[in-house]
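Student: Below are the structure tokens for one structure; questions will follow.
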Amino acid sequence: MLSEKDFICQNAPSNIIEKGSFQWSAPSNIALVKYWGKKDRQIPANPSISFTLNNCKTITKIDFAKKDNQNNFSFDLLFEGQPKEEFKPKIQKFLERIADYCPYLKYYHLTIATENTFPHSSGIASSASGMAALSMNIMSMEKALYPGIPDDYFFQKASFLARLGSGSACRSVKGSMVVWGHHNEIAGSSDLFGVTFPSAIHNNFKNYQDTILLVDKGEKQVSSTIGHDLMHNHPFAEQRFSQAHHNLSNLKTVLENGNLDEFIQIVESEALTLHAMMMTSLPYFILMKPNTLEIINRIWKFRNYTKIPVCFTLDAGANVHVLFPENVREAVLQFITTELVGYCQNGNYICDTIGTGAIQIL
Ligand code: DP6
């Protein structure tokens, strides 16, 4: 089992290079069992599992050039081709957090150029895909400096670094389903990085679809970071954390045997529990909007009537992720366009599917 110190570069690089460039894309992911609550150093309070997405992604290029002063980080940040000062503090904080693990970053001036395939103001968090894409680039730099590092280590450390940027980002390195957080029944699972769900996944879940209904694109009133914090001293915290372990156990069985009714029950209960935690923390808050509830009720009605196994999940916001197997795609998309689009802001939604994880472009 790897520990934190296994991710520290022990020796000086064998291969000092003057400059170079890399580019990676990394997708967003949607949790089925939710991460909500954490301990120090981005250690999750409970294990979580997610579908890696395919179309919603961040594409990040890093150019690095050797510099004289090796005491500080030095970087420029471009978002969609333009300098973006507002994003810099988050990146600075991330670089400081990973400094001990990636000391070579201080040898270089970095130019980080990043863009998303989804609109920035869509309410889809770009922190998971963004931190994952940046971590992949950093690991490409590490591989250039330490050519001998094995592939497994490359991806595990990428996920480990991404976690230090944003917890859920560690689940965006690989596909198609990733577990993060130690769970007794999931071999290799760790609090330090995400691992691909180790059992064979039933055919029902191959190519699973996620249509994201953009209900509210506004800035959230309460950030995830604050929300996680409110799980300290939360009256239901311990029960919630143990429920997540049970739900992951049950979901593991479901992913193996393909039982869609049970899948739906676990996934919707997780989504509502996440929001119940928000409503019962102090201070309490609500991220769902009236249209979020309208959509949930419409999905329930449609499912009751048609018996089509479509369900929803939510992340920390008002948008609704509509999840369904590929073989009912046509009927569900028809339902979405006739009954649900009216509840989306400007009628906007994004069709996505399960994906395979980060991809190197350059
Ligand atoms: C509700 O990963 O965004 O989406 O670690 O503070 O960056 P930080 O939080 P973040 O939290 C995601 C919470 C969630 C559930 C999940 O993705 O598991």
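Student: Which residues, taken from the range 156-207, are assigned to a loop (DSSP other than H, G, I, E, B), of a type in the set (Val, Ile, Thr) and touching a Pro at 6+ places or on another chain (Cβ under 9 Å)?
Tutor: So in the range 156-207, the residues assigned to a loop (DSSP other than H, G, I, E, B) come out as 166, 172-173, 175-176, 181-193, 197-202, 206-207.
Next cut, of a type in the set (Val, Ile, Thr) only: 173, 186, 201.
Across the range 156-207, the qualifying residue is only Ile186.
Student: Filter the range 43-71 down to residues that are surrounded by fewer than 19 Cβ atoms within 10 Å (Cβ to Cβ), more than 27 Å from Phe205 (Cα to Cα) and either within 16 Å of the ligand (Cβ to nearest atom) or β-branched (Val, Ile, Thr) (or both), then give me how many there are.
Tutor: So the count comes out to 1.
This table checks each residue for (1) assigned by TED's automatic domain parsing to the domain that holds Ser28; (2) under 30 Å from Thr60 (Cβ atoms); (3) open to solvent by 30 Å² or more (accessible area, probe 1.4 Å).
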{"position": "Pro290", "(1), (2), (3)": "no, no, yes"}
{"position": "Ile295", "(1), (2), (3)": "no, no, no"}
{"position": "Ala318", "(1), (2), (3)": "no, yes, no"}
{"position": "Gln334", "(1), (2), (3)": "no, no, yes"}
{"position": "Gly342", "(1), (2), (3)": "no, no, yes"}
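Student: Going by the conditions given, is Ile124 within 16 Å of the ligand (Cβ to nearest atom) and under 22 Å from Ser25 (Cβ atoms)? If you could, list the steps in order and put the result at the bottom.
Tutor: Numbers: within 16 Å of the ligand (Cβ to nearest atom): yes; under 22 Å from Ser25 (Cβ atoms): yes.
So Ile124 fits the description; yes.
Student: Hey, could you check the range 233-266 for residues that are over 19 Å from Leu287 (Cβ atoms) and part of a loop (DSSP other than H, G, I, E, B) and say which is most open to solvent (accessible area, probe 1.4 Å)?
Tutor: Asn233
Student: Starting from residues that are among the small types (Gly, Ala, Ser) and at pLDDT below 95, keep the ones in the range 104-125 and report whichever is least open to solvent (accessible area, probe 1.4 Å).
Tutor: Going through the qualifying residues, I end up with Ser122.
Student: Looking at this structure, is Ser28 within 16 Å of the ligand (Cβ to nearest atom) and either assigned to a strand (DSSP E or B) or touching a Ser or Thr at 6+ places or on another chain (Cβ under 6 Å) (or both)?
Tutor: For Ser28, the condition - within 16 Å of the ligand (Cβ to nearest atom) and either assigned to a strand (DSSP E or B) or touching a Ser or Thr at 6+ places or on another chain (Cβ under 6 Å) (or both) - is met.
The values are calculated or read from the model by the stated rules, or taken from the named source; none is laboratory data. Treat the numbers as computed from the prediction; the structure is a model and nothing was measured. Because the Cβ atoms are built from the backbone with ideal geometry, glycine has one as well, and the counts that use them run over all protein chains shown. Ligands, DNA and RNA are stripped out before the accessible areas are found, and what is left, the full protein with its side chains, is counted by its heavy atoms. Shrake-Rupley method; radii C 1.70, N 1.55, O 1.52, S 1.80 Å.
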